[in-house]
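Scroll down for the structure; my scribbles are underneath it.
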Amino acid sequence: MRILVTGGAGFIGSHFVRQLMVGALPGYGVEDDVVVLDRFTYAGNEANLAPVAGRSRLRVVRGDICDPVVGGELMRGTDLVVHFAAESHVDRSIAGSAEFVRTNVLGTHTLLQAAADHGVGKFVLVSTDEVYGSIAEGSWPEDHPLRPNSLYAGSKAASDLVALAFHRTHGLPVCVTRCSNNYGPYQHPEKAIPLFVTNLLDGRPIPLYGDGRNVRDWLHVDDHCRALALVADRGRPGEIYNIGGGTELANRDLVSRLLELLGAGPEMVERVADRKAHDLRYSVDCSKIGEELGYAPRVPFERGLADTVRWYADHRDWWEPLRRLTGAAGAETLVETS
Ligand code: NAD
Ligand code: DAU
């Protein structure tokens, strides 16, 4: 089998590839050929693939998903596409949204067209719970209307719906997944958990937006990738699958746990201006993927968070260059453009 992984040099995509290469994903074996297509934006990093670099079954292509020639060439002979490539940081979409529409909407459309033209066997679009908007109580089922608030979520919702329309119109075997907040190793240090951890490791305060009551449902990246493999292997074409972690936490409670893990006091929390259109709470109903595909998260949050903190403490060589490049110190470093 040949598997094309777009965005395979980013946080979640590279975890998926590293797991694939060691045969750790259900339904896939060490004999499968894996092709990574990545533009290597600020979020794509060769170091994320270093543990599997040089394997004969892995080919890494530096290219843009908006380029129909690249997409077309790579689709030929491909059995499965797992599409991670995206602009993924909400704060960046507030600073400038053009690249989000280009990559997330136009790039996804270009890939879908190429996949349909070449009769690809399965196309998994990695979407997000943010497409539903914000929910004060209860959880969203997959058929809940989409009400995205950020430019990131709006662009993901567009790509998500375009993918489903490719299934209905052209019969492309698409599955869409909508997942909650991931955490784990190799996450870029401008996202909340790595930003907070690396700030504390450097003796700098944590920039907490607003009153810190916003709730996120945290899922270890390992659980997300296992769920994606189940969907790729056995998910029904044309279907949407929510994926969640079952660990809902207000940001201020997350911050308290990090302070404790790193032996820091409350004076290390700096309340800063709230994010524009900051969603209060996300919560997905995951019963469908549980009942149909037998998925349930396995990594307990306490253990996953402690392991993640330890990973960042042990891997300064990985994150210090990224912080120097992007000046990752919170949204105040992002200048609004369009
Ligand atoms: P990331 O930003 O770490 O990685 C994105 C990758 O896509 C990078 O390697 C980047 O170089 C690549 N890329 C960007 N534009 C490209 C283009 N035009 N052509 C080719 N490659 C391009 O993102 P992530 O956190 O790993 O998220 C991966 C996917 O999962 C995204 O689609 C995101 O919307 C979705 N998702 C993320 C989370 C989360 O908590 N991080 C949760 C749910 C869904
Ligand atoms: O829900 C899934 C989504 O989770 C994914 O689709 C996105 O790609 C991913 O980036 C993530 O989006 P969030 O906006 O929820 O994640 P982020 O890590 O940016 O922020 C998590 C929470 O922490 C959010 O409520 C905002 C808050 N925050 C974030 C930063 C960067 C702060 O309080 N301070 C900060 O400096």
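The values are calculated or read from the model by the stated rules, or taken from the named source; none is laboratory data. Keep in mind the model is a prediction, meaning the values are calculated, not measured. Note that we place each Cβ from the backbone using ideal geometry, even for glycine, and neighbour counts take in every protein chain shown. Areas reflect the complete protein model, heavy atoms only, side chains present, ligands, DNA and RNA absent. Shrake-Rupley method; radii C 1.70, N 1.55, O 1.52, S 1.80 Å.
Of these, Ser283, Ser256, which one is modelled with pLDDT of 95 or more, under 25 Å from Trp140 (Cα atoms) and within 16 Å of ligand 2 (Cβ to nearest atom)?
One residue alone meets the criteria, Ser283.
Determine whether Val174 is crowded, with 23+ Cβ neighbours inside 10 Å and away from ligand 1 (no atom under 12 Å from the Cβ).
yes
Taking Tyr42 and the conditions (1) open to solvent by 30 Å² or more (accessible area, probe 1.4 Å); (2) within 28 Å of Thr169 (Cβ to Cβ); (3) within 11 Å of ligand 1 (Cβ to nearest atom); (4) not polar (S, T, N, Q), which numbered condition does it fall short on, given that it satisfies the others?
(2)
Could you check the stretch 209-224 and list, in sequence order, the residues that are more than 9 Å from ligand 2 (Cβ to nearest atom) and open to solvent by 30 Å² or more (accessible area, probe 1.4 Å)?
Answer for the stretch 209-224, where residues must be more than 9 Å from ligand 2 (Cβ to nearest atom) and open to solvent by 30 Å² or more (accessible area, probe 1.4 Å): Asp211, Arg213, Asp222.
On the given criteria, is Ile206 away from ligand 1 (no atom under 11 Å from the Cβ) and surrounded by 21 or more Cβ atoms within 10 Å (Cβ to Cβ)?
Criteria met by Ile206.
Given (1) of a type outside the set (Asp, Glu); (2) over 20 Å from Asn242 (Cα atoms); (3) touching a strand residue (DSSP E or B) at 6+ places or on another chain (Cβ under 8 Å), where does Gln113 come up short, assuming only one miss?
Going through (1) of a type outside the set (Asp, Glu); (2) over 20 Å from Asn242 (Cα atoms); (3) touching a strand residue (DSSP E or B) at 6+ places or on another chain (Cβ under 8 Å) one by one, Gln113 breaks only (3).
From the list Leu161, Leu228, which residue is buried (at least 24 other Cβ atoms within 10 Å of the Cβ) and in a helix (DSSP H, G or I)?
Leu228
What tally of residues in the stretch 41-89 results from selecting those that are of a type in the set (S, T, N, Q), within 21 Å of the chain's Cα centre (by Cα) and under 14 Å from Met21 (Cβ atoms)?
Residues flagged as of a type in the set (S, T, N, Q), within 21 Å of the chain's Cα centre (by Cα) and under 14 Å from Met21 (Cβ atoms) within the stretch 41-89 amount to 1.
Taking the stretch 240-268 on its own, how many of its residues are in contact (Cβ under 8 Å) with a residue 60 or more places away in the chain and either closer than 17 Å to Arg216 by Cβ or in a loop (DSSP other than H, G, I, E, B) (or both)?
8
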